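Enquirer: Encoded as structure tokens, here's the structure I'll be asking about.
Throughout, read-outs are computed from the coordinates displayed, never taken from laboratory work. What you see is a predicted model; the values in this text were computed from it and never measured. Ideal geometry is used to build each Cβ from the backbone, glycine not excepted, and the neighbour counts take in all protein chains shown.
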Amino acid sequence: MPRANDDPRALRSRAAALAAATELLLEGGPESVTHATVARRAGIGRATVYRHWPDQQTLLVDALANDVQPLLVFDDTPVRDQLVSQLEQMTHRLNQPAAVSVLATIIQRAERDEDARRIREQIFGQADDHFAHALAAAVERGELRPGAQEHATDLIARIVGPLLFQRFLLGVHLEKDLVISLVDAALAPWLPNA
């Protein structure tokens, strides 16, 4: 008989429960992810959910990790266009109350929980490196002046920081105009004719 973690039924029930937990997380925030709600949504027994996740913390952390998306991912198109497009997508997601709750939970738990720190790192940690490479490519294409890539952390903080401040602390519904103005203001000193 296969071990429990290799049993196809156990794998299916775990996958169904994790999908249900992620849906609940996105719909209602972290407080909506309980063993009972996950079991109901997945159509499995509560005991099965407890077998996979003996406590609420591990269930929530796995649901958070299952929804991880990096902050920024770049290609070879103009860096300004990519920033505006990706940050528009990010603001659309942040405008959903559950997403704010999810991100706040990750940030808060990362202060004391290694698993949450890994999730935070997956979201924010590689943004600097990816952005520095995108800025270097933009310099090579003549979009930006040399040296811009050395200021990747500062540039991303000037763009994303105000968005998070507006949404988290002021409760402002984020608009495309704000994204465009922040991207343009951050990149302005690095434009070739600046």
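Enquirer: Using label points projected 7 Å from each Cα along Cα→Cβ, tell me how many nm separate ALA36 and ASP129, to one decimal.
Expert: Distance between the two pseudo-spin positions: 4.4 nm.
Enquirer: Hey, another quick one. For the chain, with the dipole built from +1 on Lys and Arg beta-carbon atoms and -1 on Asp and Glu ones, taken about the Cα centre, which of LEU18, HIS35, GLN96 lies farthest toward the positive end?
Expert: About the Cα centre, the residue reaching furthest to the positive side is HIS35.
Enquirer: Here is a further query. Apply the Karplus parameterisation 6.51 cos²θ - 1.76 cosθ + 1.60, with θ equal to phi minus 60°, to every residue of the range 131-142 and state each ³J(HN,Hα) to the nearest whole Hz, in sequence, with x for glycine and proline.
Expert: My calculation for the range 131-142 gives 5, 4, 5, 5, 5, 4, 5, 5, 5, 4, 7, x Hz in order.
Enquirer: Could you give the angle, 0 to 90 degrees to the nearest 10, between helix 79-94's Cα long axis and the longest principal axis of the Cα atoms of the chain?
Expert: 40 degrees
Enquirer: Is there a quick way to get the dipole size of the range 8-59? I mean about its Cα centre, with the Cβ of Lys and Arg at +1 and of Asp and Glu at -1; what is the value in debye to the nearest 20?
Expert: So the dipole magnitude of the range 8-59 works out to roughly 360 debye.
Enquirer: Shifting gears a bit: If R₀ is 41 angstrom, what is the calculated FRET efficiency for the pair THR77 and ALA47, using the beta carbon separation as r and rounding to 0.05?
Expert: That pair, THR77 with ALA47, gives E of 0.25.
Enquirer: Among ALA65, GLY142, GLY161, whose Cα projects farthest towards the positive end of the dipole of the chain, with charges put on the beta-carbon of Lys, Arg (+1) and Asp, Glu (-1)?
Expert: Going by the Cα projections, it comes out as ALA65.
Enquirer: Using Cα pairs closer than 8 Å and at least 6 residues apart in sequence, work out the relative contact order for the chain, in percent.
Expert: 20 percent
Enquirer: Ok, one more. Pop a pseudo-label 7 angstrom from the Cα along the beta-carbon direction at both ASP115 and GLU27 and give the gap in nm to one decimal.
Expert: 2.2 nm
Enquirer: Next question, about the same structure. Give me the dipole magnitude in Debye, nearest 20, for the chain about the Cα centre, with unit charges on the beta carbon: positive for Lys and Arg, negative for Asp and Glu.
Expert: So the magnitude is around 820 debye.
Enquirer: In sequence order, what are the phi-derived ³J(HN,Hα) couplings for the range 184-194 according to the Karplus relation 6.51 cos²θ - 1.76 cosθ + 1.60 with θ = phi - 60°, rounded to whole Hz, with x for glycine and proline?
Expert: Each residue's phi maps through the Karplus curve to give 5, 5, 5, 7, 3, x, 9, 5, x, 9, 6 Hz.
Enquirer: Moving to a separate point now. By how many nm would the segment from ASN193 to GLN89 grow when fully extended, if each residue of separation counts as 0.36 nm and the alpha-carbon distance is taken off?
Expert: 34.5 nm
Enquirer: Only one of the values [x] 19; [y] 31; [z] 9 was calculated from this structure for percent of Cα pairs over 31 Å apart; name its label.
Expert: Recomputing percent of Cα pairs over 31 Å apart here picks out [y].
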